Amino acid sequence: MVIVVGAAFMLLSPTGFGTPNPSPDRVALPDVVRRTPPLPSAPAASGDACSATVQGSDAAAVEAAVSAGGGGTVCFPAGRYEGEFNASVAGQTWRLADDAVLAGHVTISAPDVWILGGQVELPTEDTFAESITVDADRATIEGMTFHGGGLDVSIKGRDGTQVLDNSFSGQSGTAVFVWGEGRGADDTLIEGNTIDESAGRDASPISSRAAENESDGIVNRRITVRGNTINQGDATTGHFGVELKLSPDALIVDNEIRGGKALISLPDSDNAIVSRNRLDLTGSAAWGVELANSNDATIEDNTIVGDGPGSGDVAVSMNSGSLRALVTANSVRALSTLVNLSGDDHRIIDNCVVDIGALTAYRSSAGPNVDVERNGPCP
């Protein structure tokens with residue numbers, strides 16, 4: 001049975017959103033803890049509190065400092081460092097001066113490593129050439145500036161990685177990619193980053209792919225994408241702003257995303273929460289959130305703006321028979337459709353909508369049990 005309540009408010013003038021009604025169906029957001037930098041906090045340029053300081057600019061000089069630094073802090077003064085680098089000591093911190101540039105590939109091969117500050121430059125024509133490869137648990141990459149490159153941060157089936165407050169620009173591929181590698185990568189936090197994908201080649205700035213097929217039985221659990229600013233450029237440079245495949249229990253919250261083809265895509269990823277994001281569909285992007293064979297998603301408290309009722313822009317686009325989505329308390333303006341429906345047992349309730357062409361559109365795969373209630377202009 002389809003229930004539609006209050007459908008007389010379509011095609012409204014583009015005024016303010018108002019405030020969505022409190023909904024008893026809203027979910028509590030998980031409390032994902034961000035690690036704090038290890039002490040001491042002295043900058044690398046000062047030379048204070050460094051267990052070892054890199055003397056020289058090649059891989060051998062870095063390796064010598066890493067060996068001498070033990071579980072302490074290795075400081076990188078200003079300069080350009082070239083070669084292949086390996087963060088191979090558990091619990092070690094690499095602290096880079098602002099003008100220290102890593103111009104070679106870095107592998108993190110020991111657990112609990114931190115890399116703080118500085119810059120990464122690795123020119124390449126290969127969109128999958130990795131700048132930093134994370135191949136150990138609980139790595140933290142914080143406050144770095146990435147210039148160019150292919151795939152900047154590649155997480156290889158390792159748990160507890162945190163990618164925090166970095167700046168990415170000029171890359172041809174993905175800024176942060178989480179791979180399953182046959183075992184899954186759980187509890188990744190990607191927070192506070194600024195990503196400019198305008199030099200990309202049809203790339204998703206943040207991506208997770210646990211496996212190719214659901215039958216493989218590999219997933220990347222509990223990825224959190226929080227407080228990032230993502231500009232994908234146009235439909236030729238960006239693809240899907242945040243694309244998480246086989247990544248259940250994901251939390252996507254407090255991000256600003258625009259450009260590309262779509263802003264958030266969730267294939268084969270059950271129990272996702274998408275909340276408090278600013279999703280800008282003006283320009284090339286057509287879908288705010290895509291649900292593809294993903295069940296029990298919650299889409300709530302987002303602000304979604306498009307190019308108008310005739311634009312083809314859609315706030316939530318479902319396909320492949322997704323089930324039991326809750327779309328509630330969102331503020332939506334200037335779109336063709338609030339929800340393109342596929343699957344069944346969805347609830348679309350208590351959304352503020354202004355200047356939209358239709359609340360729902362039905363794909364052939366949509367079932368009959370959809371509740372559409374109390375959607376309209378908010379006071």
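Readers should treat all values here as calculations from the given coordinates under stated rules, not as data from a laboratory. Because the structure is a prediction, the values reported are computed rather than measured. So basically every Cβ, Gly included, is an ideal-geometry build from the backbone, and we count neighbours across all protein chains shown.
Residues in segment 240-263 that are of a type outside the set (A, V, I, L, M) and in a strand (DSSP E or B): 240, 241, 243, 245, 256, 258. The single condition among (1) more than 25 Å from residue 218 (Cβ to Cβ); (2) touching a Lys or Arg at 6+ places or on another chain (Cβ under 9 Å); (3) of a type in the set (Lys, Arg) that residue 324 does not meet is (1).
Would segment 125-142 turn up any residue that is of a type in the set (A, V, I, L, M, F, W, C), farther than 23 Å from residue 218 by Cβ and either part of a loop (DSSP other than H, G, I, E, B) or touching a residue at least 40 places away in the same chain (Cβ under 8 Å) (or both)? Taking every residue of segment 125-142 in turn, at least one turns out to be of a type in the set (A, V, I, L, M, F, W, C), farther than 23 Å from residue 218 by Cβ and either part of a loop (DSSP other than H, G, I, E, B) or touching a residue at least 40 places away in the same chain (Cβ under 8 Å) (or both). Identify all residues within segment 131-151 that are within 13 Å of residue 179 (Cα to Cα) and either buried (at least 22 other Cβ atoms within 10 Å of the Cβ) or among the aromatic types (Phe, Trp, Tyr) (or both); write none if there are none. 134, 151 - these are the residues of segment 131-151 that are within 13 Å of residue 179 (Cα to Cα) and either buried (at least 22 other Cβ atoms within 10 Å of the Cβ) or among the aromatic types (Phe, Trp, Tyr) (or both). Check whether at least one residue in segment 214-221 is touching a strand residue (DSSP E or B) at 6+ places or on another chain (Cβ under 9 Å), closer than 18 Å to residue 273 by Cα, of a type in the set (Lys, Arg) and surrounded by fewer than 24 Cβ atoms within 10 Å (Cβ to Cβ), and report yes or no. No, segment 214-221 contains no residue that is touching a strand residue (DSSP E or B) at 6+ places or on another chain (Cβ under 9 Å), closer than 18 Å to residue 273 by Cα, of a type in the set (Lys, Arg) and surrounded by fewer than 24 Cβ atoms within 10 Å (Cβ to Cβ).
Determine which member of the set 295, 277 is touching a Lys or Arg at 6+ places or on another chain (Cβ under 7 Å), closer than 19 Å to residue 26 by Cβ and free of Cβ contacts under 8 Å to residues at least 60 places away in the same chain.
Testing whether each residue is touching a Lys or Arg at 6+ places or on another chain (Cβ under 7 Å), closer than 19 Å to residue 26 by Cβ and free of Cβ contacts under 8 Å to residues at least 60 places away in the same chain leaves just 295.
Based on this model, can you work out whether residue 168 counts as more than 11 Å from the chain's Cα centre (by Cα), part of a strand (DSSP E or B) and hydrophobic (A, V, I, L, M, F, W, C)? Here the answer is yes, as residue 168 does meet what is asked.
Per-residue answers, yes or no, for (1) of a type in the set (D, E, K, R); (2) over 24 Å from residue 239 (Cβ atoms):
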position: 64; (1), (2): no, yes
position: 80; (1), (2): yes, yes
position: 88; (1), (2): no, yes
position: 131; (1), (2): no, no
position: 141; (1), (2): no, no
position: 147; (1), (2): no, no
